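In what follows, a structure is listed as structure tokens, so that the remarks can point back to it.
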Amino acid sequence: MALKKKPVTGMKDMMPAEMEVRDYVIGLIKETYRSFGFSSIETPCVEHLDNLLSKQGGDNEKLIFKILKRGEKLKISEAKEEADLVDGGLRYDLTVPLCRYYSNHANELPAPFKALQMGNVWRADRPQRGRFRQFMQCDIDILGEPSNLAEIELILATTSLLGKLDFKNFTIRINDRRFLKAMAAYSGFEEKDYDSVFITLDKMDKIGLDGVAAELKENGYAEESVEKYLELFQEITGDVAGVRMCKEKLEGFLAPEAADSLEMIITSVESAKEAQFRMKFDPTLVRGMSYYTGTIFEISMDEFGGSVGGGGRYDKMIGKFTGQDTPAVGFSIGFERIVMLLLERGFQVPAGGDKKAYLLDKKLPQEKVLEVLRAAKADRDAGKQVMIANMKKNKKFQKEQLAEQGYTDITEVYNG
């Protein structure tokens with residue numbers, strides 16, 4: 001039986017044209033984020049299963065690719081439950097490994113620590129446009145900084161990168177988990193029901209205000225609480241005025257410093273931004289990760305029709321490893337979706353120097369070939385990208401292919 005040529009479902013082969021764009025974007029990411037003071041780190045793709053299943057990752061914990069124990073530890077015939085067979089898994093994001101990393105190396109790292117991490121992650125999800133089972137994530141995180149300077153820097157760095165890739169008029173939607181809880185408490189929901197209420201609220205962009213109301217009532221919540229809750233979303237505007245209104249209306253439920261902090265983030269970013277985008281206060285923004293404790297944000301792009309990145313503050317997560325809470329906030333861009341949008345718009349990597357090709361006649365003597373090799377070395381020393389290939393019968397088609405690849409200088413070499 002012939003071997004399978006296609007990749008495993010949810011994963012893909014990448015052609016040279018896509019890899020050229022990916023490599024360029026990776027380089028630009030590192031250059032931009034380093035200019036904001038972030039340092040590159042790397043963590044293993046395999047993580048302890050206990051860490052991945054610590055009830056921090058929301059629905060992603062249902063999508064883990066689990067790994068069998070190895071060697072003598074794997075005793076299939078004696079297994080009575082899953083824990084007897086598996087003890088590791090492929091990471092579903094970069095945040096859990098980062099927290100483990102920081103917990104293990106905090107004494108060796110500066111404070112605050114600004115981390116840049118890029119790497120593949122795996123989720124046993126249903127593949128669709130812009131979503132794969134293996135995909136690259138790109139995260140920047142600031143650990144050990146309790147003030148909202150961390151959020152401001154993360155948003156400015158991320159939007160600066162998107163601006164350099166010529167993305168314009170996108171939106172940074174921003175909220176705070178403390179606002180979510182205050183609005184629920186103000187409306188009369190019990191604290192034990194918050195997560196259920198937020199799950200329904202998170203569907204607002206799909207089912208609308210009426211759909212959220214219907215689902216909340218269907219779940220058995222008091223009609224008075226539901227109506228009071230949804231009136232808030234009809235009244236609150238998506239700007240600083242909306243934040244101030246929440247501060248006033250939710251007095252006694254919302255800490256004033258939470259509103260002041262969110263207002264400062266919005267106004268500071270608007271004043272210092274380097275790209276063309278809009279900051280929007282969105283009280284319906286929930287984000288699914290249960291580890292978020294404060295500010296949360298997402299990048300929305302009309303050309304994609306959804307989120308292409310997001311993040312937030314997770315001040316309690318490192319404490320799960322160390323027993324001592326550490327301020328932490330991160331921002332992740334949807335690398336695969338960004339690359340997909342660039343490819344769909346026909347993005348061309350800026351020329352990084354001349355590309356030259358030598359096409360050799362097959363009857364060329366060794367001395368002439370050595371002469372070409374020396375000339376190619378001199379070209380490379382001068383900063384050119386050089387291709388050497390034997391001349392094909394259909395020379396015209398060969399030259400057209402090279403031209404499509406960006407080779408502007410094509411030299412045919414014959415004997416004599």
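So the values come out like this:
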{"quantity": "DSSP beta bridge pairing in the chain, given as percent antiparallel to the nearest 5", "calculated": "65"}
{"quantity": "Helical contribution to [θ] at 222 nm, DSSP H n ≥ 4, -39,500 (n - 2.57), averaged over the chain, rounded to 500", "calculated": "-12500 deg cm²/dmol"}
{"quantity": "Local electrostatic count at Leu63 - Lys and Arg +1, Asp and Glu -1, tallied over other residues with Cβ under 12 Å", "calculated": "+3"}
{"quantity": "Cα gyration tensor shape of the range 240-283, rounded if a/c is under 1.5, else prolate or oblate by comparing a/b with b/c", "calculated": "prolate"}
{"quantity": "Sorted by Cβ neighbour density within 10 Å, fewest at the top, the residues His105, His48", "calculated": "His105, His48"}
{"quantity": "Cα gyration tensor shape of the range 355-413, rounded if a/c is under 1.5, else prolate or oblate by comparing a/b with b/c", "calculated": "oblate"}
{"quantity": "Prolate/oblate/rounded call for the range 181-282, Cα gyration tensor, a/c under 1.5 rounded", "calculated": "prolate"}
{"quantity": "Anchor Lys393: lysines whose Cα lies under 24 Å away (excluding residues fewer than 8 positions away in-chain)", "calculated": "Lys355, Lys356, Lys362, Lys363, Lys368"}
{"quantity": "Sequence of Asp205, Asp379 once ranked by neighbouring C-beta atoms within 10 Å, starting from the fewest", "calculated": "Asp205, Asp379"}
{"quantity": "Built amide H within the under 5 Å cut-off of His48, gap 5+", "calculated": "none"}
{"quantity": "Gaussian network model of the chain, Cα within-10 Å springs - most flexible of Lys355, Lys66, Lys164", "calculated": "Lys355"}
{"quantity": "Entries of Lys55/Lys228; Lys62/Lys273; Lys6/Lys206; Lys62/Lys181; Lys55/Lys192 with Cα pairs more than 28 Å apart", "calculated": "Lys55/Lys228; Lys62/Lys273; Lys6/Lys206"}
{"quantity": "Pairwise label distance in nanometres, Lys203 with Asn394, each label 7 Å out on the Cα-Cβ vector", "calculated": "5.5"}
{"quantity": "Whole-number D in µm² s⁻¹ for the chain, Kirkwood Cα-pair radius fed into Stokes-Einstein, 4 °C, 1.567 mPa s", "calculated": "52"}
{"quantity": "Under the span-like rule (Cα at least 27 Å along the axis, Kyte-Doolittle mean at least -1.0), DSSP H helices of the chain", "calculated": "16-35"}
{"quantity": "Other-chain or far-sequence residues with amide H under 5 Å of Asp125's (modelled H)", "calculated": "none"}
{"quantity": "Per-residue ³J(HN,Hα) for the range 312-322, Karplus 6.51 cos²θ - 1.76 cosθ + 1.60, θ = phi - 60°, Hz, x for Gly and Pro", "calculated": "x, 8, 9, 6, 9, 6, 5, x, 5, 8, 9"}
{"quantity": "Charge tally in the Cβ shell below 9 Å around Asp125, where Lys, Arg are +1 and Asp, Glu are -1, Asp125 excluded", "calculated": "+4"}
{"quantity": "Exposure proxy ranking, count of Cβ atoms within 10 Å, fewest first, for Asp282, Asp139, Asp302", "calculated": "Asp302, Asp282, Asp139"}
{"quantity": "Additional length obtainable on full extension of the chain from Glu61 to Asp13, 0.36 nm per residue less Cα span", "calculated": "14.7 nm"}
{"quantity": "Placed amide H near Gly306: partners under 5 Å, 5+ positions off or other chain", "calculated": "Met301"}
{"quantity": "Coil-residue GluC sites (Glu not before Pro) of the range 278-359, DSSP, other Cβ within 10 Å capped at 12", "calculated": "Glu303"}
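A short reminder: the numbers here are calculations on the coordinates, not readings from a lab. All values derive from a computational prediction rather than experimental measurement. Here Cβ is always computed from backbone atoms with ideal geometry, including for glycine, and neighbour counts include all displayed protein chains.
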